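As structure tokens, the structure follows; a few thoughts come after it.
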Amino acid sequence: MQWKLTDASKRKRVAIFASKTDHCLLDLLWRHRRGEIPMDVVMVISNHPDLADQVRPFDIPYFYVPVTGDKKEAERKHLELLNGNVDLVVLARYMQIISAEFLDEVDVPVINIHHSFLPAFIGAGPYQKAKDRGVKLIGATAHYVTKDLDEGPIIEQDVIRVTHRESTPQLMRFGADVERSVLSRAVAWHCEDKVMRDGNTTIVF
């Protein structure tokens with residue numbers, strides 16, 4: 001068994017990665033500003049410049065690091081920004097696959113959020129696929145990132161019921177609501193040291 005002692009008064013330093021979708025990013029920044037999550041967001045990193053104006057009012061540094069043909073170059077820049085400066089990385093709808101090499105070198109936990117339909121729909125346009133199949137439940141999953149894509153230990157999940165009446169845009173809005181709440185709970189629990197990892201599962205106190 002591995003164990004450690006942490007100072008409960010010391011807030012976690014967090015970097016948030018995002019792409020063009022803003023709902024999870026802005027929710028975390030809003031909760032951070034209100035003091036709802038014991039963390040200090042020290043930077044936002046994105047592969048697009050689109051969200052810079054929305055982050056600026058929070059007075060948090062925004063770093064635009066494009067991911068082009070050489071993904072390793074982008075990850076090298078990420079590591080230069082992160083190493084020694086953060087205790088946690090949160091992927092708030094960051095639409096890039098994280099490499100095993102990055103996970104080895106960043107050496108801090110990484111939390112991801114994604115939709116979780118029943119049944120699951122992969123690839124582009126998942127909400128339209130879900131609508132076409134008439135799903136009755138949509139939800140979200142927050143988990144630690146490992147070298148196996150989307151198979152890391154799950155921290156939090158939630159679902160809501162939907163019916164045939166909802167349009168695809170409505171399903172997307174409902175899904176965004178669930179993603180926000182699931183990710184914020186997962187990040188809060190981690191920052192409060194309430195999550196224990198046991199192999200590929202978690203125990204949340």
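Within the option set V86, V159, being assigned to a loop (DSSP other than H, G, I, E, B), surrounded by 15 or more Cβ atoms within 10 Å (Cβ to Cβ) and within 19 Å of the chain's Cα centre (by Cα) holds for one residue only, V86. For the stretch 183-197, filtered to residues that are of a type in the set (A, V, I, L, M, F, W, C) and in a helix (DSSP H, G or I), the residue that is farthest from K10 (Cα to Cα) is L183.
Inspect the stretch 39-52 for any residue being of a type in the set (G, A, S), out of contact with any Leu (no Cβ under 8 Å at 6 or more places or on another chain), within 26 Å of I154 (Cα to Cα) and open to solvent by less than 70 Å² (accessible area, probe 1.4 Å) and give the result as yes or no. Yes. Scanning the stretch 18-38 for residues that are surrounded by fewer than 20 Cβ atoms within 10 Å (Cβ to Cβ), small (G, A, S) and in contact with a strand residue (DSSP E or B) (Cβ under 8 Å, 6 or more places away or on another chain) turns up just one, S19. Determine if the stretch 118-129 includes at least one residue that is assigned to a loop (DSSP other than H, G, I, E, B), among the aliphatic types (A, V, I, L, M) and over 20 Å from T21 (Cα atoms). Yes. Pairing each residue of the stretch 1-20 that is of a type in the set (G, A, S) with any residue that is loosely packed, with under 14 Cβ neighbours inside 10 Å, provided the two are 6+ apart or on different chains, yields C-beta distances under 7 Å for S19/M95.
Scanning the stretch 117-172 for residues that are without any contact (Cβ under 8 Å) to a residue 24 or more places away in the chain and of a type outside the set (A, V, I, L, M, F, W, C) returns P119, G123, G125, P126, K129, D132, R133, D148, R165, P169, Q170. The number of residues in the stretch 162-176 being buried (at least 16 other Cβ atoms within 10 Å of the Cβ) and either within 14 Å of the chain's Cα centre (by Cα) or part of a helix (DSSP H, G or I) (or both) comes to 5. Can E192 be described as of a type outside the set (F, W, Y) and touching a helix residue (DSSP H, G or I) at 6+ places or on another chain (Cβ under 8 Å)? When the stated conditions are applied, E192 does not pass them.
Within the set K4, K20, the sole residue that is more than 17 Å from S181 (Cα to Cα) and in contact with an Asp or Glu (Cβ under 7 Å, 6 or more places away or on another chain) turns out to be K20.
Whether any residue in the stretch 48-59 is modelled with pLDDT of 95 or more, farther than 25 Å from R76 by Cβ, more than 13 Å from the chain's Cα centre (by Cα) and of a type in the set (V, I, T) is what I want to check.
Keep residues of the stretch 48-59 that are modelled with pLDDT of 95 or more, which gives 48-59.
Within this subset, residues satisfying the condition of being farther than 25 Å from R76 by Cβ are 53-54, 56-59.
Checking which are more than 13 Å from the chain's Cα centre (by Cα) leaves us with 53-54, 56-59.
So of that shortlist, the ones also of a type in the set (V, I, T) come out as none.
Among the residues of the stretch 48-59, not one is modelled with pLDDT of 95 or more, farther than 25 Å from R76 by Cβ, more than 13 Å from the chain's Cα centre (by Cα) and of a type in the set (V, I, T), which makes the answer no.
The values are calculated or read from the model by the stated rules, or taken from the named source; none is laboratory data. Bear in mind the structure is a predicted one, so any value in this text is a computation, not a measurement. Using ideal geometry, Cβ is built from the backbone for each residue, glycine included, and neighbour counts are taken over all protein chains shown. These accessible areas exclude ligands, DNA and RNA; they are computed on the full protein's heavy atoms, side chains included. Shrake-Rupley method; radii C 1.70, N 1.55, O 1.52, S 1.80 Å.
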